[in-house]
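Chemist: Dropping the structure in here first, questions after.
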Amino acid sequence: MIWILFIATMALSLWAAARVKAVYHRYNQGTVRSGLSGGEVADLILRRLGIRHVEITHADGMLGDHYDPIHKRLVLSSNNFYGRTPAALGVAAHECGHAIQHARAYKPLHWRMAAVGLTTYANYIVMFLPLLGIATGLLTPVLGATILAVAWGVIMLFNLVTLPVEFDASRRAKAVLADFGFIAPGEEATGVRKVLDAAAWTYVAAFITSLAYFLWHLLPLLLGNRRN
């Protein structure tokens with residue numbers, strides 16, 4: 001069963017990642033009618049909404065785009081920073097969505113920020129605790145399963161909170177691009193929507209994976225008396 005769980009969740013994650021790349025590649029073609037790049041759009045969105053003191057920069061690599069709320073830094077991959085495609089503008093506007101959330105004190109974003117440290121430790125636990133238990137034999141099966149259930153529960157809750165954060169950022173991105181006229185109705189708007197919707201599936205896959213492993217470790221503990 002553990003191999004079935006591993007293969008199934010791995011296949012889901014790989015499918016989600018492959019879909020993002022395929023949809024992104026499809027709509028990372030041509031030039032939007034506005035002629036603006038992702039970096040220019042990000043700057044215009046934040047300035048028009050009165051959001052100051054957010055650094056907009058770029059870095060090498062594909063789809064490494066993110067918003068850093070601690071340092072108030074919006075980082076776009078070079079392709080999206082300089083790109084003038086529906087995909088580039090969609091990703092740039094999505095990251096602006098996180099900056100808008102931060103400026104508007106969007107609660108799920110702050111919950112996710114607060115949970116980053118604990119989730120980092122939980123990830124270390126699920127990676128190394130099974131190896132430590134096998135190598136040393138110091139952990140009983142019940143104790144090991146309990147610790148892993150708690151760790152996977154933390155990761156699952158983090159991924160659960162991430163869902164509204166990401167979906168809301170995409171909703172804001174679609175709205176602001178249309179309202180400010182940065183993308184044209186029709187194929188450009190469709191490209192933005194499909195790119196952002198495909199990206200959302202990676203977060204759904206992460207949540208389903210963490211939920212499955214959480215239940216895998218928790219249920220034997222709850223049913224232990226009946227199953228000895």
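The values are calculated or read from the model by the stated rules, or taken from the named source; none is laboratory data. Every value quoted in this text rests on a predicted model; they were computed, and no experiment measured them. Note that we place each Cβ from the backbone using ideal geometry, even for glycine, and neighbour counts take in every protein chain shown. Ligands, DNA and RNA are stripped out before the accessible areas are found, and what is left, the full protein with its side chains, is counted by its heavy atoms. Shrake-Rupley method; radii C 1.70, N 1.55, O 1.52, S 1.80 Å.
Chemist: What translational diffusion coefficient, in µm²/s and rounded to a whole number, does the Stokes-Einstein relation yield for segment 52-95 at 20 °C and a viscosity of 1.002 mPa s, taking the hydrodynamic radius as the Kirkwood radius over Cα pairs?
Modeler: 208 µm²/s
Chemist: Can you grab the distance from the C-alpha centre of segment 156-206 to the C-alpha centre of segment 2-32, Å, no decimals?
Modeler: Spelled out, the Cα-based centre of one part sits 16 Å from the other.
Chemist: Could you please state how large a percent of the accessible area of the chain is carbon and sulfur, counting protein chains only and using a 1.4 Å probe?
Modeler: After summing per-atom areas, the C and S share lands at 65 percent.
Chemist: A further question follows. Give the Cα extents of segment 37-135 along the principal axes, in whole Å, largest first.
Modeler: Principal extents (Cα only, largest first): 55, 29, 19 Å.
Chemist: Further question on the same structure: What is the projected area of the convex hull of the Cα atoms of segment 97-228, averaged over all directions, in nm²?
Modeler: Quarter of the Cα hull surface area: 10.5 nm².
Chemist: Same structure again: I'd like the accessible area for M127, computed on protein heavy atoms only with a 1.4 Å probe and all protein chains in place. Round to 10 Å², please.
Modeler: 100 Å²
Chemist: Could you state the angle between the C-alpha long axis of helix 2-27 and the longest principal axis of the C-alpha atoms of the chain, as a value from 0 to 90 degrees rounded to the nearest 10?
Modeler: Here the helix axis deviates by roughly 0 degrees.
Chemist: Express the accessible area of the chain per residue in Å², computed with a 1.4 Å probe while the remaining protein chains stay in the model.
Modeler: 55 Å²
Chemist: In nm², what is the average projected area of the convex hull enclosing the Cα atoms of the chain?
Modeler: 14.2 nm²
Chemist: Name all residues of segment 198-226 having a backbone nitrogen under 15 Å from the label point set 7 Å from the Cα of A18 along its Cα→Cβ direction, giving them as ranges.
Modeler: Residues passing the 15 Å test: 202.
Chemist: Here's another thing I want to ask about it. Would you mind computing, in nm to one decimal, how far apart the modelled labels at L163 and A114 are, each placed 7 Å from Cα along Cα→Cβ?
Modeler: Between L163 and A114, the label points sit 2.0 nm apart.
Chemist: Also: Per q in 0.13, 0.24, 0.26 Å⁻¹, report the Debye log10 I(q)/I(0) for segment 8-94, using one uniform scatterer on each alpha carbon and no solvent.
Modeler: Listed by q, the Debye log ratios stand at -0.46, -1.13, -1.24.
Chemist: How much accessible surface does R193 have with a 1.4 Å probe, in Å² rounded to 10?
Modeler: 100 Å²
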